[in-house]
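A short write-up of the structure that comes next.
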Amino acid sequence: MQLGIDSETGVLRSVLLCRPDNYQWIPTNDIARRTLQSQQPPAHAAFEHQYDELVSALQGAGVECRYLEPDPHLPYQVYTRDSSQMTPWGPAITQLERPQRRGEIAAILAFYRELAGDPWRIATAGMVEGGDIHIIRPGLLAIGHSGGRTDEAGARQFAGWFREAGWQTRLVPFPEHFLHLDVIFSMVTDGLALACTDVLDDDFVDWLDSHGIRIIPVSYREAMMDMACNVLALGDDRVVSPAHSARVNEAMRAEGVTVIDPDLRLFAHGGGSVHCMTMPLVRDSLA
């Protein structure tokens with residue numbers, strides 16, 4: 001199978017998922033800690049039901065769904081975005097920061113080796129996670145670093161691989177409180193993004209504008225409480241976005257975007273949403 005993507009918004013053909021067989025809220029981020037202080041976890045069947053809505057949305061959009069083997073010791077394995085990053089040259093294995101997630105490397109390596117052989121690159125300098133990596137379009141890469149999930153050393157190594165191939169890269173610093181860059185920024189179409197402009201540096205917003213990317217502003221509360229920036233572009237002006245992000249979904253529809261909106265509130269309460277739960281394996285090239 002020929003794996004590869006050169007953007008966040010080309011038509012999505014195949015995606016990597018992991019069933020939530022072992023999913024539970026664990027206090028590894030500010031969002032999950034707040035959730036655990038305020039409510040009891042639901043019956044596990046509720047997680048399964050919402051996950052099935054996501055799978056149905058993807059399959060209904062013509063996306064092939066492939067799966068990691070769930071490990072009972074890895075409750076956050078469902079967030080497949082972080083343990084690898086697909087590139088134009090094949091998969092890169094990232095370096096996970098949280099001790100509770102480091103074991104995810106075994107399943108991700110086994111998956112890629114069975115599907116397509118050895119990965120293209122393996123991160124070795126610092127920490128870098130897929131939620132901070134945005135392959136915006138051919139030749140344009142942004143990587144967030146907070147000193148937490150991704151540090152500057154890890155971001156620079158990853159960006160360096162793309163610069164060697166002639167890409168323009170941008171490192172985006174942000175406060176660790178926000179976990180990953182995809183909590184406060186995600187692409188919707190090739191020329192449209194969601195962004196928490198109250199948090200992101202003006203220089204980064206200006207950089208996006210210089211590349212013809214308009215922004216739908218998302219508030220701090222929407223970003224942190226609803227994971228409203230955390231969407232998955234399907235290509236052809238379509239996006240998967242959680243149903244509870246009602247205002248942001250309507251703003252995207254007003255831009256002519258088709259919004260598919262499964263209920264993913266329980267996963268948002270754990271600190272992740274649709275972007276976190278999906279790693280694109282194959283997209284149509286925008287080149």
Would you mind working out the accessible area per residue for the chain, using a 1.4 Å probe, and quoting it in Å²? 37 Å²
Of the DSSP beta bridges with both residues in the chain, give the percent that are antiparallel, rounding to the nearest 5. 50 percent
So what are the ³J(HN,Hα) numbers for the stretch 61-77, from phi and the Karplus equation (6.51, -1.76, 1.60; θ = phi - 60°), rounded to whole Hz, Gly and Pro as x? 8, x, 8, 6, 10, 10, 10, 6, 7, x, 10, x, 8, 10, x, 9, 4
5 Å is the cut-off here: which amide hydrogens, built 1.01 Å from N in the peptide plane, fall below it relative to Gly90, excluding neighbours closer than 5 in sequence? Ile5
If a helix is a whole DSSP H run, which ones in the chain reach 15 Å or further along their own axis (Cα) and hold a mean Kyte-Doolittle hydropathy of at least 0.5? 104-116
Tell me the net charge near Arg238. Cut-off is 14 Å between Cβ atoms, Arg238 excluded, with +1 for each Lys or Arg and -1 for each Asp or Glu. -4
Accessible surface of the stretch 12-283 [probe 1.4 Å, protein heavy atoms]: carbon and sulfur percent: 47 percent
What does the extension gain come out to for Ala246 and Arg221, with contour length at 0.36 nm per residue minus their alpha carbon separation? 7.7 nm
Shape call for the stretch 12-283, from the Cα gyration tensor axes a ≥ b ≥ c (a/c under 1.5 means rounded, otherwise prolate when a/b beats b/c, else oblate), comes out rounded
Most positive-pole-ward Cα, Ile213, Leu16, Leu181, against dipole of the stretch 12-283 from beta carbon charges: Leu16
Report the net charge of residues surrounding Gln77, where surrounding means a beta-carbon distance below 11 angstrom and charges are Lys +1, Arg +1, Asp -1, Glu -1. -3
Answer in debye to the nearest 20: the dipole magnitude of the chain about its Cα centre, from +1 Lys/Arg and -1 Asp/Glu charges placed on Cβ, is 360 debye
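The values are calculated or read from the model by the stated rules, or taken from the named source; none is laboratory data. None of these values were measured; they are calculated from a predicted model. Methodologically, a virtual Cβ is constructed for each residue, glycine included, from the backbone with ideal geometry; neighbour enumeration extends over all protein chains shown. Accessible surface areas use protein heavy atoms only, side chains included; no ligands, DNA or RNA. Shrake-Rupley method; radii C 1.70, N 1.55, O 1.52, S 1.80 Å.
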